[in-house]
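Written below as structure tokens is the structure these notes are about.
The values are calculated or read from the model by the stated rules, or taken from the named source; none is laboratory data. Every value quoted in this text rests on a predicted model; they were computed, and no experiment measured them. Virtual Cβ from ideal backbone geometry, glycine too; neighbours counted across all protein chains shown. Surface accessibility is based on the protein's heavy atoms, side chains included, excluding ligands, DNA and RNA. Shrake-Rupley method; radii C 1.70, N 1.55, O 1.52, S 1.80 Å.
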Amino acid sequence: MNEKSGKTGESLTIVCTTVLVETSPQAMPLGAACIASAIKANPNLKTFDVQLVDFSREEDSYTKAFAAGEKGGEGGETAAARMIAEKLSKEKPFAVCFSVYVWNHTILDKAAFELKKIIPNVVCIAGGPEVTANPQNFKNFDYTVAGQGEIAVPALLERIVESGKNGKVEIPGIYCSSSKCAPGTVTRAVPCSPELTPSPYLDGTLDPAKYGGALWELARGCPFKCSYCYESKGEKKIAYFPMERLEKEIELFAKKKIAQVFVLDPTYNASKERAMKMLKTIQKKAPGMFFYFEARAEFIDRELASAFSRVPCCIQFGLQSSNPDVLKKVHRTLDRKLFARNIGFLNEAGVTFGFDLIYGLPTDNLQGFKNSIDFALSLYPNNLELFCLSVLPGTNLHDDAAGYGMVWDEKPPYHVVRTPEFSESDLAKAERLSRATNIFYTQGRAVPWFNAVLHPLKEKASDFLWEFSETLDRFDFSSEEITEMQKAFVRRKYRNAHLDKLVPIAEDLISMHGALGRCTFDGSESTFTTNYHPDDVMSEYAMDLHFFAKNAGKQKCRVLVFEGKNGVDWKTVR
């Protein structure tokens, strides 16, 4: 392959690729697609045939290659990397642009190595968050790109076509394999202005219908400086995409009839005016489509909560810890009263929301993590996502961690191993508690009844869930199994606390909401027996179990939960 063949007018193939963490609407090759669109839009690269090729760790070809490698003794990741290289080589690429993240760092590095065995002259370029963090931490890429690549990558390809792969490259943010720079002096590529950044959806590069959903960029950048985040060393400002572009994209999503959109804006409500305007646009152009937002609770008020309530959505808040002193160590703030008050506006408006919590933060400990769980669950979140801290290269936390006495894994996903306050055994306990919380509360759809059922026991949520963790004998459970586990655990807890009279209503609450949750999720019908009439169980009076058990009349009922014309419903049957 002639490195300068582009001068002759011969079409050259450029492949933009990545490995997705899973097969789901939330996992799309958006980063790779953005680079593909930028190359297509460059008038000096019209001879290039740009292909977008993505892989998933859950697809058959990947899992089979991985399993064969494990069985054969060479290692599953090596075998999967070779499979990726072989598929990429069939495109006969002049260059391959790899989009690198925590979950695919090592396999894409290996895939580039395997690809060069097949096509020695292929140009391998890597970008993405992992590369931006440390562009010289890769062995098998010819070039790495720090920062946004929409300007830098097309410029690099132009230079290679003109001067060959070994020509001199002096483009901000571009590093070649021989580049050397002092630690902490990484220069990022010049970002493309939002008005000039091509949309991979509108130019046909990325079809959301293929994935059943969309990752939707409304803006880039973050005004905050949370030290554990890749953005901690980025520009502390937000670059918004034009409303005209966003309206065209939402119209395309509606035309494609996709079910859900994940909004990639770390602080959707940083500008209340823009957030309100966008919600009105969504309500008008995509009624019925479900949206996932990330927001800051500090900026929620009644007006914004009301606007969210008119759009099918879920909002995720990065609480991370309920301890303001711990959060200060990672450059975050928390006013617990303000946080609780503003989340209350969402509860009043009937908006679905969830929280993220991190264990292993500097100066935090196991009890502090349990306190954070207690605070979070007291606010009735729909879900609670619990993560072990990752000390990501290229972040301010990575620079500060040693000063806090932290020890972490130097390989992806860079999890903290121990801190002076959080021992290895305590981190293992936090992981176990996190798994129990996920199963009982989030997967178990316990939000409507959890606090009501917990209240008579007069114990903390984290203690209750820790005891539940002792009953788990495996990792995966069906929804029906979780419902039965919840009932059995609550039954035992109540009887041990001499609360036998409350067992029937507690079981009915769990059964009803479990069935309603399953039907809402996948339309599945179910029939079961309750101790009270389902209309009574689903009334507000059932939230006070003592009052309900004293005043409600028992009535054995056979209940059918089904999907009716106006949504999920129930009725009694014989």
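Counting the residues of the range 283-308 that are more than 25 Å from F253 (Cβ to Cβ) and of a type in the set (S, T, N, Q) gives 0. Scan the range 113-131 for residues that are open to solvent by 20 Å² or more (accessible area, probe 1.4 Å), assigned to a helix (DSSP H, G or I) and either closer than 17 Å to V169 by Cβ or touching a residue at least 40 places away in the same chain (Cβ under 8 Å) (or both) and the total you get is 1. Out of the range 244-271, which residues are under 14 Å from F308 (Cα atoms) and either touching a Pro at 6+ places or on another chain (Cβ under 7 Å) or at pLDDT 95 or above (or both)? V263, the sole residue that qualifies.
So, in the range 371-383, of the ones that are surrounded by fewer than 22 Cβ atoms within 10 Å (Cβ to Cβ) and under 19 Å from the mean Cα position of the chain (by Cα), which residue ends up nearest to V326 (Cα to Cα)? Ranking the candidates gives N383 first.
Against the list (1) crowded, with 18+ Cβ neighbours inside 10 Å; (2) farther than 24 Å from E231 by Cα, the condition G394 fails is (2). Here K460 meets the list (1) closer than 30 Å to P129 by Cβ; (2) over 27 Å from the mean Cα position of the chain (by Cα) almost entirely, failing just condition (1).
When L465 is tested against (1) open to solvent by 10 Å² or more (accessible area, probe 1.4 Å); (2) at negative phi, only condition (1) is not met.
For beta carbons closer than 7 Å, sequence separation of 6+ or different chains, a first residue in the range 483-494 that is within 15 Å of T530 (Cα to Cα) and a second that is surrounded by fewer than 20 Cβ atoms within 10 Å (Cβ to Cβ) and among the β-branched types (V, I, T), the qualifying pairs are R491/V503.
Each row is one residue, and each column tells you yes or no for (1) buried (at least 19 other Cβ atoms within 10 Å of the Cβ); (2) in a loop (DSSP other than H, G, I, E, B); (3) modelled with pLDDT under 95.
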position	(1), (2), (3)
M485	no, no, no
V503	yes, no, no
T520	no, no, yes
T529	no, no, no
Y532	yes, yes, no
D535	no, no, no
V559	yes, no, no
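You will find that of T520, T527, the residue that is touching a residue at least 40 places away in the same chain (Cβ under 8 Å), of a type outside the set (A, V, I, L, M, F, W, C) and in contact with a Gly (Cβ under 9 Å, 6 or more places away or on another chain) is T520 and no other. Pairing residues of the range 431-442 that are touching a residue at least 60 places away in the same chain (Cβ under 8 Å) with residues that are assigned to a helix (DSSP H, G or I) and open to solvent by 30 Å² or more (accessible area, probe 1.4 Å), at Cβ distances under 7 Å and at least 6 apart in sequence or on separate chains, gives L433/W466. Report yes if some residue within the range 465-477 is touching a Leu at 6+ places or on another chain (Cβ under 9 Å) and among the hydrophobic types (A, V, I, L, M, F, W, C); otherwise report no. Yes - at least one qualifying residue is present in the range 465-477. Pairs meeting the criteria (first residue in the range 62-87 and within 16 Å of L20 (Cα to Cα) and open to solvent by 20 Å² or more (accessible area, probe 1.4 Å), second residue assigned to a helix (DSSP H, G or I) and among the hydroxyl-bearing types (S, T, Y), beta carbons under 9 Å, at least 6 apart or on different chains) are E77/T106; M83/S61; M83/Y62; K87/S61. Only one of the numbered conditions (1) within 35 Å of the chain's Cα centre (by Cα); (2) at pLDDT 95 or above; (3) surrounded by 13 or more Cβ atoms within 10 Å (Cβ to Cβ) is not met by E563, and that is (2). Where helices (runs of 4 or more DSSP H) fall entirely within the range 204-323, those with at least 2 residues that are closer than 27 Å to A340 by Cα and either polar (S, T, N, Q) or open to solvent by less than 10 Å² (accessible area, probe 1.4 Å) (or both) are at 272-285, 302-309. Here K571 meets the list (1) surrounded by fewer than 20 Cβ atoms within 10 Å (Cβ to Cβ); (2) within 22 Å of H455 (Cα to Cα) almost entirely, failing just condition (2). When S434 is tested against the conditions (1) buried (at least 19 other Cβ atoms within 10 Å of the Cβ); (2) touching a helix residue (DSSP H, G or I) at 6+ places or on another chain (Cβ under 8 Å), the lone failure is (2).
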